[in-house]
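Participant: Structure provided below as structure tokens; questions to follow.
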Amino acid sequence: MAGNKTKMTTASVGDYLSSVAPDRRKADALVLDEVFQKATGWQPRMWGESIVGYGSYHYVYDSGRDGEFLATGFAPRKAKMVVYIMPGYADFSDILSRLGPHKLGKSCLYLGALNRVDLDVLGELIQAGLEDLQRRWPITAT
């Protein structure tokens, strides 16, 4: 079976974050790094070329497919900031209702400018996502 294409790398998170453009997106990415480090207590690692991840977990599906993936993290995309809350099964609507403007994907959250988002609520959401993930798969600080 094919493994997960997105893997943890040894690339420098600091170098990556300093290269994010435009400057507004870079500033938001630096703020998110602080929020994630505070919420998780973990240092970031690069996953692939553009995802900043915190912690990891090993999954094994009923099909037998297994792999390693980030426990939570974010990717500063051109249009929106993407926040990964894994595995995306829990209903976080009570927290999301207090977050500010956002859009949802299956296991991700799309944010515009962070100045419209309640960062304390985002930290709460990150922690809730990790608690949900931990009920399914053991999480390792990476």
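The values are calculated or read from the model by the stated rules, or taken from the named source; none is laboratory data. All values derive from a computational prediction rather than experimental measurement. When we count neighbours, we look across all protein chains shown, and the Cβ atoms used for this are built from the backbone with ideal geometry, even at glycine. Surface accessibility is based on the protein's heavy atoms, side chains included, excluding ligands, DNA and RNA. Shrake-Rupley method; radii C 1.70, N 1.55, O 1.52, S 1.80 Å.
Participant: Within region 70-82, count every residue that is touching a residue at least 40 places away in the same chain (Cβ under 8 Å), open to solvent by less than 20 Å² (accessible area, probe 1.4 Å) and not hydrophobic (A, V, I, L, M, F, W, C).
Facilitator: 2
Participant: If you scan region 20-35, which residues turn out to be exposed (fewer than 14 other Cβ atoms within 10 Å of the Cβ), within 13 Å of the chain's Cα centre (by Cα) and touching a residue at least 60 places away in the same chain (Cβ under 8 Å)?
Facilitator: None; the set is empty.
Participant: Just checking, how many residues over region 3-19 are surrounded by 14 or more Cβ atoms within 10 Å (Cβ to Cβ) and assigned to a helix (DSSP H, G or I)?
Facilitator: Number of matching residues: 3.
Participant: Any idea how many residues of region 104-120 are of a type in the set (Ser, Thr, Tyr) and under 14 Å from Ala79 (Cβ atoms)? Give the derivation first.
Facilitator: Of region 104-120, the ones of a type in the set (Ser, Thr, Tyr) are 107, 110.
Checking which are under 14 Å from Ala79 (Cβ atoms) leaves us with 110.
So the count comes out to 1.
Participant: Only one of (1) open to solvent by less than 30 Å² (accessible area, probe 1.4 Å); (2) modelled with pLDDT of 95 or more; (3) within 22 Å of Leu119 (Cβ to Cβ) fails for Gly41. Which number is that?
Facilitator: (1)
Participant: If you check Asp120, Asp94, Asp66, which single one turns out to be in contact with a strand residue (DSSP E or B) (Cβ under 6 Å, 6 or more places away or on another chain) and surrounded by fewer than 17 Cβ atoms within 10 Å (Cβ to Cβ)?
Facilitator: Only one candidate qualifies: Asp66.
Participant: Any residue in region 113-140 that's closer than 18 Å to Pro44 by Cα: show its pairings with residues that are open to solvent by 90 Å² or more (accessible area, probe 1.4 Å) at Cβ separation under 7 Å, as long as the two are six or more apart or on different chains.
Facilitator: Every condition considered, the pairs that remain are Gly123/Lys38.
Participant: Mind listing just one residue for me: the one in region 108-117 that is open to solvent by 30 Å² or more (accessible area, probe 1.4 Å) and either in a helix (DSSP H, G or I) or not aliphatic (A, V, I, L, M) (or both) and, of those, nearest to Leu30 (Cα to Cα)?
Facilitator: Here the residue is Asn115.
Residue by residue, here is whether (1) at pLDDT 95 or above; (2) among the aliphatic types (A, V, I, L, M); (3) within 12 Å of Pro76 (Cβ to Cβ) holds:
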site: Met1; (1), (2), (3): no, yes, no
site: Asn4; (1), (2), (3): no, no, no
site: Ser12; (1), (2), (3): yes, no, no
site: Ser19; (1), (2), (3): yes, no, yes
site: Ala29; (1), (2), (3): yes, yes, yes
site: Leu32; (1), (2), (3): yes, yes, yes
site: Gln37; (1), (2), (3): yes, no, no
site: Arg45; (1), (2), (3): yes, no, no
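Participant: So if I check each of Gly67, Gly53, Gly100, which one is outside any helix (DSSP H, G or I), over 14 Å from the mean Cα position of the chain (by Cα) and touching a residue at least 40 places away in the same chain (Cβ under 8 Å)?
Facilitator: Result: Gly67 is the single residue among Gly67, Gly53, Gly100 that is outside any helix (DSSP H, G or I), over 14 Å from the mean Cα position of the chain (by Cα) and touching a residue at least 40 places away in the same chain (Cβ under 8 Å).
Participant: Scan region 72-93 and tell me whether some residue there is of a type outside the set (Phe, Trp, Tyr), at pLDDT below 95 and assigned to a helix (DSSP H, G or I).
Facilitator: Yes, that holds for at least one residue.
Participant: Still on this model: The conditions are (1) open to solvent by less than 20 Å² (accessible area, probe 1.4 Å); (2) in contact with a strand residue (DSSP E or B) (Cβ under 9 Å, 6 or more places away or on another chain); (3) part of a helix (DSSP H, G or I), and Gln134 fails exactly one of them. Which is it?
Facilitator: That leaves (1) as the condition not met.
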